[in-house]
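A.B. asks: My questions will all concern the structure given below.
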Amino acid sequence: MPLFFEIWTLGVWDFFSAMTLPLIIYRSLRQHALSTLVTAGSIALACGLLMTVWMVKEQAQSAFTNTTTGFDAVLGARGSKLQLVLNAIFHLEASPGNLAESDYEYIKHHPLVKTAIPIAVGDNLRGYRLVGTLAELFTGVEIAPGKKFTLEPGGRLFSADAKEAVAGSFAAQRLGLKVGDTFHPFHGLNFNPSEQHTDIYTVVGLLQPTNTPADRVVWIPLHGLQTMNGHDPKYATEVSAVLVQLRTPMAGFMLDLMYNKQGNRLTFAWPVASIVADLFSKIDWFDRVLALVAYLVALVAAAGVLASIYNSMSARRRDIAILRALGARRRTIFGAVVSEAACIGALGAAAGFAVYFAMFTVVAGIIRAQTGVVLDGRAGGQVLWLGPAAMVALCALGGVVPAMKAYRTPVAETLAPVS
Amino acid sequence: MLAVSGLEKSFVAPDGVRATVVSVKEFSLAAGGQLALRGESGTGKTTFLHLIAGILAADAGRIELDGVAMTALSEPQRDRLRAGKIGYIFQAFNLLQGHTALENVVLGMSFGPHGADRPHARELLERVGLGHRLDHFPSQLSTGQQQRVAVARALANRPKLVLADEPTGSLDRPRAKESLALIRGVCRENGAALLLVSHDEQALDQFERVQNFSDINQALL
């Protein structure tokens, strides 16, 4: 009877008699424990890599796209919208230039604008960006619906004219800052010990974690950064960018027209989320390359299952013939080998979660350290069940070729010598 | 119980010539009966047993086992019949090395209509004197003990017919006698017919009914 017809006609009785299957599979896996472990290990790596690539991609895209820290737009010097957003919202990249105080005042009082908060950059504290701003950022702005900046107990906001600082939670942890500590700022966005300013600042408050890029920043009064010793007093009233909350969605279209299309001095980066999303669509090819690498690793791992079981078939011929002589049908043997391959896949997929959590933790840590964006490895995602299921299926498929070899084992000639 | 008529089986030799190995006009064994077939190596005894067990398909002829025409069945049907009605004690025991004694016996019954019955498997092993070796692997058992596991396994599925192919070939004289007595006794207790093939005269002496295989296999004439 053709092989696949036999498989399709597997009856209920065969299923129950094949309840012996778990015993056969278990013993086979134990007998070949080393190759089982090695093969399952490679499956675990493949599965973990697949899940990590997908989850990091999904979460990073979502986290970056949804990180607006409560603002709809950024106004800055003429230049790239992406650069403006990366600089002002994510505290990455250099500012494309400065805005005059009058530009800030204009947008602050514009009827379409609800809130306008200026920021100034250009200094750092041992690699962590110093951002000058107004205290209003921490009291008047919702960084997410219903959520504002909150200070840790025992701290307060800085005074506008004082050399005081409030540290984001991540920066505070990494720099070992606590309330009462003092520090010298350093000039530039990158840490250079020789660029120390003579000003001395005092930490007066620590922010609670917001899981946004704001956690990586040390905040000081706008006036303080503008008038830092060593900065050119000519630019003492200029700002790097203005963070904008709009009164209505339509306001964005109108201001976009006004600054970007009709004007040529300033750039109005709006909407923030779309600008970041656009970045991800531009580097989509990179995601696909990473995904392809992950798929190839998975294929290689499944091929490893095929090779491992296939190579053991010669040693197992006798056992297969004995089982057949005891009454096991060819399709039971076929099912046992495919199931064994699937079990190895399942073992690997289960261990793959450990690999995934380890890899994800490392990658998320790097992303958080570099951008302040927080990814959550425990968040759900289709790939977390689809990936392992696909690996198990792929391994089962890899088991088909050795299963066919087992299926064709000639019983009589494989058993004891004929007399 | 067992009725064979006009049975033919041939193989193609390495030189390409087809040679008839088994040609049996008539053969029968009654339910519960015990018969030993005498024959030297290479006379087709194992092939004959394999045909009766349904492991090999006959080229021609008829084998009727407990009223079922084995030769008219497809391979899966023969497998099922063998699992339900036949126990086989192989020449080299053919125990599964990766399974314990108990598991070997359980597997001997698993593919039959009653499925796995661990208590029954335990009973059988206790009956053959291995109640204290249930969890031992074949490599941890002596030759005689392995043979007893093979006997227990052959009876596991409550067969109507037990086929034994040179079951004492690997045993010394005292063990061989003991083993044959065990096989005969257990078959008798379970109402199973026994067909044994051997070239060992001392083993054959223990049977009331002994036939020369050359008398029934025309291919040897």
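Bear in mind these aren't lab numbers, they're just calculated from the coordinates by the rules spelled out. Since we're looking at a predicted model, the values are computed, not measured. FYI the Cβ positions are ideal-geometry reconstructions off the backbone, even for glycines, and counts take in every protein chain you see.
A.B. asks: Pop the C-beta distance of A:Asp278 and B:Ser74 into the FRET formula with R0 = 60 Å and round what comes out to the nearest 0.05. Don't skip to the answer; put the middle values down first.
C.D. replies: Numbers: r = 65 Å, r/R0 = 1.08.
It comes out at approximately 0.40.
A.B. asks: Taking a quarter of the surface of the Cα convex hull of the range B:37-136, what do you get in nm²? If you can, show how the numbers build up before the last one.
C.D. replies: On the way: hull surface 32.0 nm².
For the range B:37-136, averaging the hull's shadow over all directions gives 8.0 nm².
A.B. asks: Using a 10 Å cut-off around each Cβ, can you sort A:Phe286, A:Phe268 from fewest to most neighbouring Cβ atoms?
C.D. replies: Working: A:Phe286 11, A:Phe268 23.
Listed from fewest to most nearby Cβ atoms, that is A:Phe286, A:Phe268.
A.B. asks: At 7 Å along the Cα-to-beta-carbon direction for both B:Glu64 and A:Arg126, put a label point, then send me their distance in nm to one decimal.
C.D. replies: That separation, rounded to one decimal, is 9.8 nm.
A.B. asks: Also, I was wondering about something else. Using Cα-Cα distances under 8 Å and only pairs 6 or more residues apart, what relative contact order does chain A have, in percent?
C.D. replies: Relative contact order for chain A comes out at 26 percent.
A.B. asks: Something else about it: Working from the alpha-carbon coordinates of the range A:123-170, get Rg over Rh, Rh being the Kirkwood radius.
C.D. replies: Working: Rg = 11.7 Å, Rh = 12.2 Å.
Here Rg/Rh amounts to 0.96.
A.B. asks: So if I place +1 on the C-beta of Lys and Arg and -1 on the C-beta of Asp and Glu, and nothing else carries charge, what would the dipole magnitude of the range B:1-156 be about its Cα centre? I want it in debye, nearest 20. If you can, show how the numbers build up before the last one.
C.D. replies: On the way: 16 positive and 14 negative charges, 34 e Å.
Charge dipole, the range B:1-156, about its Cα centre: 160 debye, nearest 20.
A.B. asks: Give me the distance between the Cα centres of the range A:274-339 and the range A:36-113, rounded to whole Å.
C.D. replies: Between the Cα centres of the range A:274-339 and the range A:36-113 lies a distance of 37 Å.
A.B. asks: If you don't mind, another one. Would you work out which of B:Val162, A:Thr210, A:Thr20 lies farthest towards the positive end of the dipole of the protein assembly as shown, given +1 charges on the beta-carbon of Lys and Arg and -1 on that of Asp and Glu, about the Cα centre?
C.D. replies: Farthest along the dipole direction, towards plus: B:Val162.
A.B. asks: Fewest to most neighbouring Cβ within 10 Å: what's the order for A:Trp270, A:Trp285, A:Trp54? Spell out each step's value before the answer.
C.D. replies: Working: A:Trp270 25, A:Trp285 9, A:Trp54 21.
Final ranking by Cβ density, sparse to dense: A:Trp285, A:Trp54, A:Trp270.
A.B. asks: Another question, if that's okay. Mind putting together the pair-distance distribution for chain B? All Cα pairs, 5 Å bins, whole percent per bin, short to long.
C.D. replies: 1, 7, 15, 19, 20, 16, 12, 7, 2, 0, 0
A.B. asks: Let me ask something else. Taking springs between alpha-carbon atoms closer than 10 angstrom, which of A:Gly79, A:Gly155, A:Gly146 fluctuates most in the Gaussian network model of chain A?
C.D. replies: Maximum fluctuation in the GNM of chain A, among the listed residues, is at A:Gly146.
A.B. asks: Running a GNM on chain B with Cα contacts under 10 Å, which residue among B:Val21, B:Val68, B:Val186 ends up with the highest mean-square fluctuation?
C.D. replies: Of B:Val21, B:Val68, B:Val186, the Gaussian network model singles out B:Val68 as fluctuating most.
A.B. asks: Please report the antiparallel percentage of the DSSP beta bridges confined to the protein assembly as shown, to the nearest 5.
C.D. replies: On the way: 48 of 73 bridges.
Among the beta bridges of the protein assembly as shown, antiparallel pairing accounts for roughly 65 percent.
A.B. asks: Where does chain B land at 222 nm, in deg cm²/dmol rounded to the nearest 500, when only DSSP H runs of n ≥ 4 count, each adding -39500 (n - 2.57), divided by all residues?
C.D. replies: Numbers: 8 runs with 79 residues, N = 221.
Counting only the DSSP helices, I get -10500 deg cm²/dmol.
A.B. asks: What's the center-to-center distance, using Cα atoms, between the range B:134-159 and the range A:132-210 in Å?
C.D. replies: 78
A.B. asks: Next question. For the range A:73-270, calculate the relative contact order in percent as a whole number, restricting contacts to Cα pairs under 8 Å that are 6 or more residues apart. Provide the component values of the computation, followed by the final result.
C.D. replies: Working: 454 pairs, mean separation 68.3, N = 198.
So the answer I get is 34 percent.
A.B. asks: Just want to confirm a number: the relative contact order over the range B:78-221, from Cα pairs under 8 angstrom separated by 6+ residues, in percent. Before the final figure, lay out the partial values.
C.D. replies: Working: 218 pairs, mean separation 40.2, N = 144.
Reported as a whole number, the value is 28 percent.
A.B. asks: Express in % the proportion of alpha carbon pairs of the range A:73-270 at distances exceeding 30 Å. Before the final figure, lay out each step's value.
C.D. replies: Working: 3423 of 19503 pairs.
Above the 30 Å cut-off, the range A:73-270 has 18 percent of its Cα pairs.
A.B. asks: Rounded to a whole number of µm²/s, how large is the Stokes-Einstein D of the range B:68-185 at 25 °C and 0.890 mPa s, given Rh as the Kirkwood radius over C-alpha pairs? Could the numbers behind the result be given before it?
C.D. replies: On the way: Rh = 14.3 Å.
Stokes-Einstein gives a translational diffusion coefficient of 171 µm²/s.
A.B. asks: Most exposed first by the Cβ proxy, i.e. fewest other Cβ within 10 Å, how do B:Val12, A:Val38, A:Val383, A:Val141 rank? List each step's numbers first, then the result.
C.D. replies: Details: B:Val12 9, A:Val38 13, A:Val383 20, A:Val141 17.
Ascending number of Cβ neighbours within 10 Å: B:Val12, A:Val38, A:Val141, A:Val383.
A.B. asks: OK, next. Taking H placed 1.01 Å from N in the peptide plane, check which residues at least 5 places from A:Gly205 or on another chain put their amide H under 5 Å from its amide H.
C.D. replies: Those lying under 5 Å, H to H, from A:Gly205 are A:Arg156, A:Ala165, A:Ala167.
A.B. asks: Please state the shape class of the range A:54-169: rounded when a/c is under 1.5, otherwise prolate if a/b exceeds b/c and oblate if not, all from the C-alpha gyration tensor.
C.D. replies: Rounded is the answer for the range A:54-169, as its axis ratio a/c remains below 1.5.
A.B. asks: Let me ask you something else. Can you give the calculated 222 nm mean residue ellipticity of chain A, where each DSSP H run of n ≥ 4 adds -39,500 (n - 2.57) and the sum is split over every residue, rounded to the nearest 500 deg cm²/dmol?
C.D. replies: Details: 16 runs with 220 residues, N = 419.
Counting only the DSSP helices, I get -17000 deg cm²/dmol.
A.B. asks: Expressed as a whole number of Å, what is the distance separating the alpha-carbon centroids of the range A:360-419 and the range B:25-97?
C.D. replies: Comparing the Cα centres of the range B:25-97 and the range A:360-419, I get a distance of 42 Å.
A.B. asks: Can you work out the base-10 log of I(q)/I(0) for the protein assembly as shown at q = 0.12 1/Å, using the Debye formula on its C-alpha atoms alone?
C.D. replies: -1.14
A.B. asks: Right, here's the next one. Under a Cβ-Cβ cut-off of 14 Å, what is the net charge of the residues other than B:Leu125 that fall near it, where Lys and Arg count +1 and Asp and Glu count -1? Let's see the in-between values first.
C.D. replies: On the way: positive: B:Arg118, B:Arg122, B:Arg127, B:Arg133, B:Arg148, B:Arg153; negative: B:Glu103, B:Asp117, B:Glu123, B:Glu126, B:Asp135.
Overall, the nearby charge balance is +1.
A.B. asks: Å³ per residue of the Cα convex hull, for the range A:84-150? Don't skip to the end; give the middle numbers.
C.D. replies: Values: hull volume 7.8 nm³, N = 67.
With only Cα atoms used, the range A:84-150 gives 116 Å³ per residue.
A.B. asks: Between A:Asn264 and A:Lys234, how high is the FRET efficiency from 1/(1 + (r/R0)^6) when r is the Cβ-Cβ distance and R₀ = 22 Å? Nearest 0.05.
C.D. replies: On the way: r = 23 Å, r/R0 = 1.05.
The calculated FRET efficiency here is 0.45.
A.B. asks: Jot down the per residue volume, in cubic angstrom and as a whole number, of the convex hull over the alpha-carbon atoms of the range A:315-370. Walk me through the intermediate numbers first.
C.D. replies: Numbers: hull volume 4.6 nm³, N = 56.
Spelled out: Cα convex hull of the range A:315-370, divided by residues, is 82 Å³.
A.B. asks: For A:Met250 and A:Glu152, FRET efficiency with R0 = 41 Å and r from the beta-carbon atoms, rounded to 0.05?
C.D. replies: Values: r = 39 Å, r/R0 = 0.96.
Result of the calculation: an efficiency of 0.55.
A.B. asks: So what are the ³J(HN,Hα) numbers for the range A:301-314, from phi and the Karplus equation (6.51, -1.76, 1.60; θ = phi - 60°), rounded to whole Hz, Gly and Pro as x?
C.D. replies: After applying 6.51 cos²θ - 1.76 cosθ + 1.60, I find 5, 5, 5, x, 5, 4, 5, 4, 6, 4, 5, 8, 4, 4 Hz.
A.B. asks: Can you list the trypsin sites (Lys or Arg not before Pro) in the range A:333-410 that are in a DSSP coil and have 10 or fewer other beta carbons within 10 angstrom?
C.D. replies: A:Arg378
A.B. asks: So between A:Leu386 and A:Glu105, what do we pick up on full extension, going 0.36 nm a residue minus the alpha carbon distance?
C.D. replies: Details: separation 281, 0.36 × 281 = 101.16 nm, distance 5.30 nm.
Contour length minus the Cα-Cα distance gives 95.9 nm.
A.B. asks: What ratio of Cα Rg to 2.2 N^0.38 Å holds for the range A:238-370? Write down the numbers at each step before the final one.
C.D. replies: Working: Rg = 28.8 Å, N = 133, 2.2 N^0.38 = 14.1 Å.
With N residues counted in the range A:238-370, Rg over 2.2 N^0.38 Å equals 2.04.
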